[in-house]
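Heads up, the thing below is written out as structure tokens.
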Amino acid sequence: MFKTLTLKPRYKHDCDDCVLVGAITYPAPLSTGTAPMRNADLYYCANSDAADGGSVLARFSSRGSDYASVSLKILKHHYIKEDHCSTNGPALIAAWIFTKAKSLVK
């Protein structure tokens, strides 16, 4: 039997519409060719970019501007199909996968 874990965010997030879908520590690729480890809380927001299926968000600290987000439409057509990622790309892709796993989108 699986144990249900209660998710708690590492960082403060001020949008009541967002659903916390997970958290990861991942290697964040930089233009220098290095990939230092980075923490992110992952969210899905059905109300943001609603016409495009909502959006996913990766929050990297409690500082208001320290996050990345993308609509699901853009994520599916650009991030997933490219063979390279931005520094935030792995976290946003993980947020989408966690969102799908929680059946928040089809």
Table column - 3J(HN,Hα) (Hz), the range 21-37, Karplus curve with 6.51, -1.76, 1.60, x for Gly and Pro: 10, x, 8, 9, 10, 9, x, 9, x, 10, 5, 6, x, 8, 8, x, 6
Fewest to most neighbouring Cβ within 10 Å: what's the order for T99, T87? T87, T99
I'd like to know how the range 14-106 sits against the 2.2 N^0.38 Å rule of thumb: what's its Cα Rg over that expected value? 1.03
Per-residue HN-Hα couplings for the range 40-47 [Karplus 6.51, -1.76, 1.60; θ = phi - 60°; Hz; x = Gly/Pro]: 8, 8, 10, 10, 10, 10, 5, 7
Cα gyration tensor of the range 20-70, axes a ≥ b ≥ c as square roots of the eigenvalues: rounded (a/c below 1.5), prolate (a/b > b/c) or oblate? prolate
Can you tell me the length gained on complete extension of the stretch A51 to D17, counting 0.36 nm per residue apart and subtracting the Cα distance? 10.7 nm
Could you go through the range 89-95 in sequence order and give the Karplus-derived ³J(HN,Hα) for each residue, using 6.51 cos²θ - 1.76 cosθ + 1.60 with θ = phi - 60°, rounded to whole Hz, and x for Gly and Pro? x, x, 5, 5, 5, 5, 4
Helical contribution to [θ] at 222 nm, DSSP H n ≥ 4, -39,500 (n - 2.57), averaged over the chain, rounded to 500: -4000 deg cm²/dmol
Average Cα contact separation per residue, the chain, under 8 Å, 6 or more apart, as relative contact order %: 25
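A short reminder: the numbers here are calculations on the coordinates, not readings from a lab. Note that this is a predicted model, so its numbers are computed, not measured. Cβ atoms come from the backbone with ideal geometry, glycine included; neighbour counts cover every protein chain shown.
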